[in-house]
Amino acid sequence: MNAAWVVFRKELRETLRDRRTLTVMVAVPILLYPVLLIATEQFALLGMRRIESVVSNVAVSGPASEDVIEFLAADEDLDLVDVDDPVEAVRSDLVGAVAVFGPAPAGRSSQRATVLYDAADEGSQRARSVLADALRSWDDSLLARRLVEEGLPPNFVEPLALADSSVARAEELGGYTLGRFLPMLLIIMTLLGTFYPAIDMAAGEKERGTLETLLTAPVPPREIVVGKFLAVALIGVVAAALNLMSMLLTFQTGLFQFGGSLDIDFALPWASVLIIFATLIPLAVLFGSLFLGIALRSRSFKEAQTSLTPVYLLVLVPALLPVFPGITFTVALAAVPVAGLGIFFRELMSGSPALLPSIVAIATTGLWAWAALAFATASFGREDVLFGAGDGRVESGGGLLERLHRLLGPMSSTPNATQATGFIAAVAVLFFYLGFPLQAGWGERGLLVSEWMLLLVPALLFVRVAGFDVRSTFSLRRPRGRQIAGALLLIVGAMPLGWFLAWAQGFVLPVPWDMLEGLEDLITAESPSRLLWLVTLLALTPAICEEAVFRGVFLAGMRGGASPIRVALINGVVFGAFHISFESAFRFLPTAWLGFILAWAVLSTRSIWVGILMHFVNNGSIVVMSSIPALRAWLEAGGEAPPWVLLAPALLSAGVGVRLLAAGPHDQEIEPDHSETESDYKMTESKPDHPSTEPDGEVTVSVDPSR
Amino acid sequence: MIEFQNLTKTYGGIRAVGGLSLVVQPGEVYALIGPNGAGKTTALRCLATLLAPTSGTAFVGDADVRKQPLVARARIGFLAASMGLYERLTPVELLRYFGQLHRMEGPALDERVDELVRVFGITPFMSQRCGTLSTGQAQRVSVARALIHDPPALILDESTMGLDVLSGEVIYRFIEAERERGKAILFSTHHMSEVDLLADRVGVLSGGCLVAEGTPASLLETTGESNLARAFLALVRGVVPALPTVPGVGDALPEQAF
């Protein structure tokens, strides 16, 4: 019998005996959820009926005609009360609303009347509504009388009788209504369905000490993960399915009265339901694997709950997206994890979703799920994740610097992937909360400050505090002449190619012309002094600050092990993601391309100076080209498309540049890798008596092999 | 049957086990003792393939734990201080689960489960969930779990920790019985009485290195102490120089172990 199947069956059996999971998976959708839904509706209806059954106290103030007072007095839903001070009467709840009439009209001109009410009081709102309706009725009857007196037909004042009629069938309206909130609910239920089982199967297993015995069984970790994630995913899908069924049945029982009154049929076609179930599977795999991988890094159930809560909240954001109006099902949105599938569900419930975005949504969810699964599998294969780095050493005390050192983990001369990723995440948060407000408030000066203070300074501090080697981390190696020539040729070729990429992207993503025009204004200089300032702000500053972060710290963390192309691709994607704005993701591809090129060049030469030079040339030439009218006119002559004449020389230049850089020496390694052998061992030599404790708490002293 | 060959394990820059070499023969009970943090758990985890040695290796039979971890795992029964029982499974379900993970199935598995249930007196509580068992009952299930595939080598990592005398007795009888059946047994402990009672040979770990090895009687003789606890203290405090018979000890022992 396959071990994954054995693990799957056992996990399922255990989970089905877990009260917590059963509550979330079965009790909530089957019992609590419909009960809550119906109870809420009943309470709302009850409240409305109660309000409607109450006769509203109202008053009339000002020079109202006897006619209107008699008309209002005859209304059974109104009780006319005399008041002296209309405002005070409403405030003190003596009356719900007061009709305050303006000066009496001369002849047949209009008289103005204002209904005074308390918008913060339900009874007053009801009184206002009834009083206003009564006044409109009186108004209509008066108009009718006048038309008769003039010998005019009733339709004289209504030359166009406007009416609307929806062609949507009841079930279509039901699908549309369900599509507004059910996708979000399905995603949340899948999330909840996988949340506790994933924690229980990873951190829970660690906490109970069963993981150790499980891993001594002759089964590859991959099979254990597959068994576990299959169980988690199945539970997530079942939870969502139960919820969907429960919701549809609740609507269809007739107990839910809002639908009936609006002529809505909350039935979904079976084909749609089946497609939703099928596409929930990769989503459940994504959640299950992601949660398993993260929960495995925790030592206890409680710690895993704490670790996963931010992830849970983070997932809720894209899950909410289908709820908002104006969110259209584009290819770009379809590729966003969770959100893409959520919008696909919405479109499916409302009618026929567009084919291409649907395919993209399903395919990318599958890809995300695969990536999450790879992450979980990798976690299961790592002993530092399973048993903790340093065998669960317990350390305490020390100064702030020492604590930070410990927090960052065992040190080698350069950051590892986790540390570098953590740093990038911290910089992103810093930039989001401080950089955007700075730029919004101070404009160009804000941009300058945020580049230097929120990118370069954190990078330097990170390396200093963690005690990494500055030279190795920032690749401070002087490039050779041939490498400089190669870098220049590569960037000169890469720039037009980036332009072609951006142009091609325009066929898929809408081009944000307003944003581009604003950007063009920003980078265009009208005077030499302005040009100097723009080159400093937009070329020199990013060339130093962004390179320190992306081709310095981040690249140093990612370059161990993986191929240079893959590392450069990751670097480019992250660099591109940093350049996505609130308005559009349009800048992602060109900047990701630039990031990829820069990262590859720095990896090839082991010199950040090459990256700085290329970044400066790229940004600087854009500023210069924008500021020279003749050059700008030539470049823009082709409209949106770049001049095709540039393609061949660009390819040639980039090709020669790549050759020159690739021929560069790879043998001058300036830092060791991140494995725990050589580099870490050297750290031990430099700090031979660094104390630590082993799992059972006893202090031991690291061994200096040189003694 | 069990052999460590110059095994070293470091965590980051810290060496937990340094150049450990020892052999446990079939039918032999070997006690690994040492102060907290001496590297006992790390060494046993390397043998159980839970951790990868930084250098050197260990063998279970002819299976190298680095090159053939799955073969090595199939040959060991691992019993840790935490009993490692799934609380929502019954003892029988648990035994069947681990049996299946060891590729056992059909009548062979049924017979093996029945045998262990009978031998370890699990029958009265075989249908209860493990989470409801007493410590003694759980310990018996845990031992049965380690033996489900009848492994030729057994690793016990402080498996009597926190147990009362009666529960500990289950483990003692189990070790003795398995020795009679020719199993190689390597166990770590802090209780010298257990060493005295069970061990054919003893290895003393300190600062990740094997500083002494021999029969309990030979350790007493070398240290000149009257009991194993005193002998142990003398060895780990460096009162007695490292025994020359232990290869590599002289050059691997840290100067400032304590």
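The values are calculated or read from the model by the stated rules, or taken from the named source; none is laboratory data. Remember, it's a predicted structure, so these values are computed and weren't measured experimentally. Neighbour counts are summed over all protein chains in view; Cβ atoms, including those assigned to glycine, are modelled from backbone coordinates with ideal geometry. Calculation scope for accessible area: heavy atoms of the full protein, side chains included, ligands and nucleic acids excluded. Shrake-Rupley method; radii C 1.70, N 1.55, O 1.52, S 1.80 Å.
Quick test for you: out of A:11, A:41, pick the one residue that is in a helix (DSSP H, G or I) and either more than 32 Å from the chain's Cα centre (by Cα) or away from chain B (no Cβ under 14 Å) (or both).
Residue meeting the stated conditions: A:41.
Could you run through the stretch A:118-148 and say how many residues are assigned to a helix (DSSP H, G or I) and without any contact (Cβ under 8 Å) to a residue 60 or more places away in the chain?
Of the residues in that region, 15 qualify.
Scanning for something in a helix (DSSP H, G or I), touching a residue at least 40 places away in the same chain (Cβ under 8 Å) and open to solvent by 60 Å² or more (accessible area, probe 1.4 Å), does the stretch A:177-190 turn up at least one residue?
Quick first cut of the stretch A:177-190, residues in a helix (DSSP H, G or I) only: A:177-190.
From what's left, touching a residue at least 40 places away in the same chain (Cβ under 8 Å): A:177-190.
Still in the list and also open to solvent by 60 Å² or more (accessible area, probe 1.4 Å): A:180-181.
There is at least one residue in the stretch A:177-190 that is in a helix (DSSP H, G or I), touching a residue at least 40 places away in the same chain (Cβ under 8 Å) and open to solvent by 60 Å² or more (accessible area, probe 1.4 Å).
Of these, B:217, B:212, which one is free of Cβ contacts under 8 Å to residues at least 40 places away in the same chain and under 25 Å from residue B:7 (Cα atoms)?
Going through B:217, B:212 in turn, just one is free of Cβ contacts under 8 Å to residues at least 40 places away in the same chain and under 25 Å from residue B:7 (Cα atoms): B:212.
Give the number of residues within the stretch B:34-93 that are assigned to a loop (DSSP other than H, G, I, E, B), surrounded by fewer than 19 Cβ atoms within 10 Å (Cβ to Cβ) and on the phi > 0 side of the Ramachandran plot.
Total satisfying the criteria: 1.
Quick one: residue A:79 ticks every box in (1) open to solvent by less than 70 Å² (accessible area, probe 1.4 Å); (2) in contact with a Ser or Thr (Cβ under 8 Å, 6 or more places away or on another chain) except a single one, so which number is it?
In the conditions (1) open to solvent by less than 70 Å² (accessible area, probe 1.4 Å); (2) in contact with a Ser or Thr (Cβ under 8 Å, 6 or more places away or on another chain), residue A:79 misses (1) alone.
Out of B:121, B:207, I need the residue that is open to solvent by 10 Å² or more (accessible area, probe 1.4 Å), of a type in the set (Gly, Ala, Ser), within 12 Å of chain A (Cβ to nearest Cβ) and in contact with a helix residue (DSSP H, G or I) (Cβ under 9 Å, 6 or more places away or on another chain). Which one?
On the way: B:121 fails: within 12 Å of chain A (Cβ to nearest Cβ).
It is B:207.
Looking at this structure, is residue A:691 modelled with pLDDT under 50 and either within 28 Å of residue A:504 (Cβ to Cβ) or touching a strand residue (DSSP E or B) at 6+ places or on another chain (Cβ under 8 Å) (or both)? Spell out how you get there, then give the answer.
Details: modelled with pLDDT under 50: yes; either within 28 Å of residue A:504 (Cβ to Cβ) or touching a strand residue (DSSP E or B) at 6+ places or on another chain (Cβ under 8 Å) (or both): yes.
Taking the combined requirement at face value, the residue satisfies it.
Within the set of pairs 6+ apart or on separate chains, which have a first residue in the stretch B:66-94 that is more than 7 Å from chain A (Cβ to nearest Cβ), a second that is open to solvent by 40 Å² or more (accessible area, probe 1.4 Å) and basic (Lys, Arg), and C-beta atoms under 6 Å apart?
Listed by first residue and then by second, the contacts come to B:90/B:129.
Does residue A:106 count as part of a loop (DSSP other than H, G, I, E, B) and open to solvent by 70 Å² or more (accessible area, probe 1.4 Å)?
So residue A:106 fits the description; yes.
Can you give me the number of residues within the stretch B:159-179 that are of a type in the set (Gly, Ala, Ser) and farther than 20 Å from residue A:212 by Cβ?
2
Failed condition for residue A:5, given (1) open to solvent by 70 Å² or more (accessible area, probe 1.4 Å); (2) closer than 16 Å to residue A:249 by Cα, with all others met?
Residue A:5 satisfies all of (1) open to solvent by 70 Å² or more (accessible area, probe 1.4 Å); (2) closer than 16 Å to residue A:249 by Cα except (2).
Filter the stretch A:555-568 for residues that are open to solvent by 10 Å² or more (accessible area, probe 1.4 Å) and either of a type in the set (A, V, I, L, M, F, W, C) or in a helix (DSSP H, G or I) (or both) and give the result.
A:558, A:562, A:564, A:565, A:566
Checking residue A:87 against (1) farther than 30 Å from residue A:240 by Cα; (2) within 14 Å of chain B (Cβ to nearest Cβ): exactly one of these is not met. Which one?
(2)
Would a scan of the stretch B:174-189 turn up a residue that is modelled with pLDDT under 85 and over 26 Å from residue B:113 (Cβ atoms)?
No, the stretch B:174-189 contains no residue that is modelled with pLDDT under 85 and over 26 Å from residue B:113 (Cβ atoms).
Wholly within the stretch A:588-658, which helices (runs of 4 or more DSSP H) include no fewer than the required count, namely at least 3 residues that are under 17 Å from residue A:488 (Cβ atoms)?
So the answer is A:588-605, A:608-627.
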